[in-house]
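What follows is a short report on a single structure.
The values are calculated or read from the model by the stated rules, or taken from the named source; none is laboratory data. Owing to the predicted nature of the structure, the values given are computational and were not obtained by experimental measurement. Virtual Cβ from ideal backbone geometry, glycine too; neighbours counted across all protein chains shown.
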Amino acid sequence: MKSLLSSKFTATFPTLMMMMVLLLFVLLFSNLCFPVLNMAAASNIESQGKALLQWKAELETQELLNTWTSKTSPCNWTGITCRNDGHLMPTITKVQLEQLGLEGKLEILNFSALPSLRVLNLSDNHIHGYIPAAISALSKLAILDLSNNKLTGVIPSELGNLTRLKTLWLFENQISGSIPPSFGKLLNLVILEDLRISYNQITGSIPHNIGNLTKLETFYLSKNNINGSIPHEIGNLINLKDLEIFDNQITGPIPSSIRNLTKIETFYLGGNNINGFIPSEIGNLVNLKALALFEDQITVNLRDIEIPQNQLTGPIPRSIGNLTKLKTFYLYKNKIDGSIPYEIGNLMNLIEFDVSDNQITSPIPHSIKNLTKLEFFNLQTNNINDTFPCEIGNLVNLRDFEISHNQITGSIPHSIGNVTKLETFYLNKNNIYGTIPPSLGSLKVLTGVEQMNELNGTIPFQLGNLNFMEVLELSDNLFKGDIPPQLSKPTELQELNLSHNELVGHIPSSFQLMTSLTLLDLSYNSLEGPVPKNHFFQTAPIKWFTHNKGLCGQVQGLPLCSQSHSTSIDDARKQHKVIILIVVLVLGALSILFLVSGIFTICCYKRKGSTINDIREDFDGHFFSVWGVNYEKEAYKEIVRATENFSEKYQIGTGASSIVYKATLSSGLTLAIKKIQEEEAQVNEQAFQNEIQTLTEIRHRNIVKFYGFCFTHRFSFLAYEYMERGSLGATLRSEEGVMDLNWIKRVSIIRDIAQALSYLHHDCAPPIIHRDITSNNILLDEEYKACVFGLLVFSRLLKT
């Protein structure tokens, strides 16, 4: 055993000795090597610091870098950042000396002594001279910011050798020359994301190989002397978010390749000589927030500007008047200030104008009188300090006029009566004074009036002619006199607010016939006498009647009426009965007269026996129209004549139970006549009447307008607004129609449909649902405005 152990030890001893020798060698080597490495590190930092100190010595403002001394490590100097750079040797990686007021030249700096530099920021100083080509020695540079200095000369092409550059800012200098084509090499070397060289004196054109920089997100080239055209390759910059090349001498059209810039948010091209059409592909820029194309020579084909709910500032530019084909202008909920430019009057195709919720000041230009196609005009919630625009009488197609929450003064002009299509008229929270012109009562389709101002005089009884009125808000004014009983006539009136005025007298007894009322506020007046007796008044809150002179009645909180009030009520009832008796007698006499006339007319018709006779005999059935009093019969005859007694050559569509005809009246108005088949009309008489009732109650710009109807024992028909382009379904099935439906038009159609459905669901009481929203029930006018059709499939939601 002993010999065995001895042999093993003999065998392993040389191995152990060799390991000990190797270990000793390693320890000796380490003791020698570490000082060498430390010396190398010290030597590296020292050489870098020396290069920077040499540059400092040439500066004209050395005192600004008083921490730069040979007695301290460069890593402790102002604006210097060091790190170990992946190994044990520290090295300078950042030189950040922005906004120190340094004066001097850059070319005297030994860039080769700073091989590990990642960031060089000398912005907002007074560095002059040229950009040295030797800067390309900074092979690891990621950020180069020399902006806002006094650099001259050209951009060295050697910048294309900066293999890791992501940010290059050279803006606000005096750099001249052209953009070096070597920029195109950057794609093969680095990922450049931010390139800003605006506010210089750069000439030449944008190189075509700029399209190689596919990672570019920001490209600023504004305020230079760039010429030539925008290269088609700009469309390769698919990550671009901000493109500003305004105020140059760029010519030619905007390339269609911009359709690829789907991430772009800011697109400024103004102040150039760009010509041609604005490409329809601009509709692909779904993230676009700011677009400036003004002061160019573009043949403007832009129809819609919609940039709402952003942070846009400054005034509306006067050059907006160049966009003569503009139809929609939405800038609401921004921070726009200044005034509305007079040039707005050039936009004679404008239909919708909404700059509400901004900071716009006076005035409203007189040139708005030219906007005769305008339907929607919204200036509410601004700081407009101007008189009421008397030119409103020229806006004959206006449907919505909203200027609430401003500082507008003056009186409402009598010419308001010319705006016969007006549906909403909101003026509240201004300083408008004077009386309400009686001509306001001629606006038959008006549904909403809000006028909390300083109006005075009496409330004109003509407001009772507003048959479609839903909201009448006249509170917080200075109205005097009695409440006109004619205000009970509008059958659709839901909210009537006359509070905070100086009204006197009694509440008209006719108010008890207002079955659609949901709100009636008469507080803060000088009213007296009994409150009408019906369920609505008996359950009304007391706050609607407080602060008056002496109201009484069965409203909880009001005193009961005295005997004198009851006597006066009885007298009123007796007078009412006498009036009813007189009316009955007069109507009876007229009925007999009409009967005799009718018999005589029928006899005359039988003797003639013509086609027109049959038509006129049909008219003695049940015909009613919303055109106006004493015009129904003429309208009926015009429709029959226009279609030549419903000839096949005027057919424009057929359905399972109806045929649609096109009828052009002598006035120039074109209608779509939906004639119901005889057997269908007899079977579904009640459904037909229900549809008519629904149609007469709803009005919205995106629901096909209903003009009237005819219901006889032979046939029935409905008269609608004629939509030139027919149904959306037919357009989509047409190859030519699909080509015309670009992205902007499709979005506009979707918006129109959504607005119509929102109105039916939320603004109708009770709500209405459409049970067959298909492309065939969406009709388009000549300008691609979409309207919902197919009212036979409308149904009201029953209240539980």
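State whether one or more residues within the range 481-489 are modelled with pLDDT under 90 and either of a type in the set (Lys, Arg) or touching an Asp or Glu at 6+ places or on another chain (Cβ under 6 Å) (or both). Yes: the range 481-489 contains one or more residues that are modelled with pLDDT under 90 and either of a type in the set (Lys, Arg) or touching an Asp or Glu at 6+ places or on another chain (Cβ under 6 Å) (or both). Among all residues of the range 385-398, there is none that is crowded, with 22+ Cβ neighbours inside 10 Å, assigned by TED's automatic domain parsing to the domain that holds Asn334 and closer than 16 Å to Tyr330 by Cα. Among the conditions (1) assigned by TED's automatic domain parsing to the domain that holds Glu306; (2) within 16 Å of Leu446 (Cα to Cα); (3) touching a helix residue (DSSP H, G or I) at 6+ places or on another chain (Cβ under 6 Å), Phe376 misses just one, which is (3).
In this structure, is Cys82 more than 26 Å from Ile179 (Cα to Cα), touching a Cys at 6+ places or on another chain (Cβ under 9 Å), assigned to a helix (DSSP H, G or I) and of a type outside the set (Val, Ile, Thr)? The answer is no for Cys82.
Out of curiosity, is Asn125 free of Cβ contacts under 8 Å to residues at least 24 places away in the same chain and either of a type in the set (Lys, Arg) or out of contact with any Asp or Glu (no Cβ under 6 Å at 6 or more places or on another chain) (or both)? For Asn125, the condition - free of Cβ contacts under 8 Å to residues at least 24 places away in the same chain and either of a type in the set (Lys, Arg) or out of contact with any Asp or Glu (no Cβ under 6 Å at 6 or more places or on another chain) (or both) - is not met. With the condition kept exactly as written, say whether any residue in the range 516-536 is acidic (Asp, Glu), over 21 Å from Gln554 (Cβ atoms) and in a strand (DSSP E or B). Taking every residue of the range 516-536 in turn, none turns out to be acidic (Asp, Glu), over 21 Å from Gln554 (Cβ atoms) and in a strand (DSSP E or B). Only one of the numbered conditions (1) under 21 Å from Asn272 (Cβ atoms); (2) at pLDDT below 90; (3) among the polar types (S, T, N, Q) is not met by Ser229, and that is (2).
Can we say Ala51 is touching a residue at least 24 places away in the same chain (Cβ under 8 Å), farther than 30 Å from Thr203 by Cβ and part of a helix (DSSP H, G or I)? Criteria met by Ala51.
In this structure, Leu695 qualifies as touching a strand residue (DSSP E or B) at 6+ places or on another chain (Cβ under 9 Å), modelled with pLDDT under 75, among the aliphatic types (A, V, I, L, M) and not in a loop (DSSP other than H, G, I, E, B). Note on the range 336-370: residues that are modelled with pLDDT under 85 and either touching a Gly at 6+ places or on another chain (Cβ under 9 Å) or part of a helix (DSSP H, G or I) (or both) amount to 0. Within the range 753-762, if we keep just the residues that are in contact (Cβ under 8 Å) with a residue 40 or more places away in the chain and closer than 12 Å to Ile698 by Cα, the residue that is surrounded by the most Cβ atoms within 10 Å (Cβ to Cβ) turns out to be Ala756. The set of residues in the range 713-733 being at pLDDT 85 or above, surrounded by 14 or more Cβ atoms within 10 Å (Cβ to Cβ) and part of a loop (DSSP other than H, G, I, E, B) consists of Tyr722, Met723, Arg725. If you go through the range 234-245 and keep only what is closer than 19 Å to Ile197 by Cα and over 26 Å from the mean Cα position of the chain (by Cα), you end up with Ile234, Leu237. Residue under question is Gly153, and the condition is that it be modelled with pLDDT of 90 or more, in contact with a strand residue (DSSP E or B) (Cβ under 9 Å, 6 or more places away or on another chain) and either on the phi > 0 side of the Ramachandran plot or polar (S, T, N, Q) (or both); does it hold? Judged against the criteria, Gly153 is a match. In this entry, Thr324 passes the filter for residues that are more than 17 Å from the chain's Cα centre (by Cα) and more than 22 Å from Ile436 (Cβ to Cβ).
Each row is one residue, and each column tells you yes or no for (1) under 22 Å from Arg701 (Cβ atoms); (2) without any contact (Cβ under 8 Å) to a residue 12 or more places away in the chain; (3) polar (S, T, N, Q).
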residue: Tyr332; (1), (2), (3): yes, no, no
residue: Asn346; (1), (2), (3): no, no, yes
residue: Gln359; (1), (2), (3): no, no, yes
residue: Thr372; (1), (2), (3): yes, no, yes
residue: Glu375; (1), (2), (3): yes, no, no
residue: Asn378; (1), (2), (3): yes, no, yes
residue: Thr387; (1), (2), (3): no, no, yes
residue: Ile392; (1), (2), (3): yes, no, no
